[in-house]
1. Please report the antiparallel percentage of DSSP beta bridges with both residues in region 1-156, rounded to the nearest 5.
2. Carbon and sulfur atoms: what percent of the 1.4 Å accessible area of region 19-138 do they account for?
3. Assign unit charges at the C-beta atoms only (+1 for Lys and Arg, -1 for Asp and Glu), then state the dipole size of region 1-80 relative to its Cα centre in Debye, rounded to the nearest 20.
4. So what is the calculated 222 nm ellipticity per residue for the chain, using -39500 (n - 2.57) for each DSSP H run with n of 4 or more, over all residues, to the nearest 500 deg cm²/dmol?
5. How large is the accessible surface per residue of the chain, computed with a 1.4 Å probe and reported in Å² as a whole number?
6. With +1 on each Lys and Arg Cβ and -1 on each Asp and Glu Cβ, and nothing else charged, work out how big the dipole of the chain is about its Cα centre, in Debye to the nearest 20.
7. With point charges of +1 on the Cβ of Lys and Arg and -1 on the Cβ of Asp and Glu, referenced to the Cα centre of region 73-178, which listed residue (Gly87, Ile178, Asn158) lies farthest in the positive direction of the dipole?
8. Stretch Leu38-Glu144 to full length: gain in nm at 0.36 nm per residue minus the Cα-Cα span?
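The values are calculated or read from the model by the stated rules, or taken from the named source; none is laboratory data. Computed from a prediction, not measured in an experiment: that's the story for all the values here. Glycine gets a Cβ as well: all are built from the backbone with ideal geometry, and neighbour counts include every protein chain shown. Ligands, DNA and RNA are stripped out before the accessible areas are found, and what is left, the full protein with its side chains, is counted by its heavy atoms. Shrake-Rupley method; radii C 1.70, N 1.55, O 1.52, S 1.80 Å.
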Amino acid sequence: MKCIINGRLVLPDGVVDGKVLLYDEKIAGIADAGTVDLSAYEVIDAKGNLVCPGLVDMHIHGYFNEDASDGSYEGLKKMAEGIVENGVTSWCPTTMTVSKEEILKAFEVARELKASKEYYGAKVIGVNSEGPFINPSKKGAQAEEHILRPDADFILDNADIVKLFTVAPEMDGGLECIEKVHKDGRVLVSMGHTGASFEEALKGVKAGVRHTTHLFNAMTPLMHRNPGVVGAALSCDNVSCELIADTFHVNKGLFKLVSKVKGDKLCLITDCMRAGGMADGDYTLGGQHVKKTGIQCLLDDGTIAGSVLKLNNAVKNLYENSELSISEAVNCASLNPAKALGVDDTIGSLEVGKCADIMICDNDFNIINTIIGGTIRYECK
C-alpha cells in the first residue's frame, strides 16, 4: 500500500489539509494525518503541494509531432506518454475529417493501444471522432473534400471504441443520426462545426445532442436576436460544453461568464495538434500546412488550426480568470469530462474505489508527479 502525505487534497467539493491519501491501484482511503502508521506504507511527501485527480483530455488530436489521424500505433503511444507530463491520466485520441479509410485505421490503432498493457502513458478512454459529419461553412481547419452526410451506423458500428462524435444538426440526415446514436446510448453526441440557427440547435438537443465541441469556435455566435449554437449550448442545462482555455481561441474575459452559466457541465479541453510540445515552426493538421507561433496555430489563410495548449495550463488559465475555486477549476478538467463521457464511476476524482490516477502540482499547476493506477509515470526532475 502507498500513501501521499503533506498534500492539499483537491476533492470534488473543496481542498482539505491534514489528510493522508491511501492507495494501491485504486484509492483505498483518506485518513487524518495523525492516525496513519507511515512505516506500513510507501510514502510520497507532497511538501504542501496540491494533490489532484489525474486530468482527462477528451479532445486532443496530437502531441510531440504525432497525430491520432495518422493511424500510427507508435505515434499514438508517443502521444500517450507525452501528455502524462501535463498531468493527463486519461484521454480520447481525436480524429479529424480525413478519409473514411484513414478514420477507420485510426479507430483500429486506438483499439490496440487501449487494450495494450505494455505502455506507460495516459489511458485511452476511447476515440473522439470530430467529423466527418460537419457543415462545410464551419469546417475550420477540417478538410472539406472528406465531409460526409451524417451516418449513425458508421458511429454505432465502431461504438466499442468511439466515445463521442461531432455532428452538425442542421445538415441533411443530422437529426436522424443524432436520434439513433443517442437512443443507442453508447456514444455521446456533440454538436460542432455547425452553422445551425438557435432553433436548429435546439432541435438537435431535443434529438439527443448532449455536448458541444469547443464552444464559440466553428459555430454560429451568440447574438441578441439570433442566439445561435452558442446561445443554445449555454441555455440548455443538459448540454455540456468544451472550452479551449488558451486565451487565444476564446477571450479570457468570457471564462467567468461561461463557468457561471455551465457549472459542472464545463469541460476543459486542449484541442491540441501535433505541434503541441514542439518548437515554433511548420506542421500539418489533416494534411494542411500549419504555422505555429507561440500559442497560435494558423492555416495559410489565417484560419485557427487547433492549439498547443497543455491541460494543466488550461486549468490555470480558467482558475485565474474566473471566480471558481481550485477544486471547481480542477473538476473542469477531470470530474466534469469524466461525467460527460460516462466514466466517472472509475476516474475523475479522488474518491475511494476509483482508480489511483493522481496529479501532484504546485499552486501554478506545474506538474510535480503524475500517477496512473497507483504507479508514478512522471516525475519532474
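1. Bridges in region 1-156 that DSSP calls antiparallel: roughly 50 percent.
2. Using a 1.4 Å probe with all protein chains present, region 19-138 comes out at 46 percent carbon and sulfur.
3. Value, rounded to 20: 180 debye.
4. The helix-only estimate for the chain comes to -7000 deg cm²/dmol at 222 nm.
5. Ligands and nucleic acids excluded, the result is 39 Å² per residue.
6. 520 debye
7. With unit charges placed on the Cβ atoms, the residue in question is Gly87.
8. Between Leu38 and Glu144, full extension yields 32.2 nm more.
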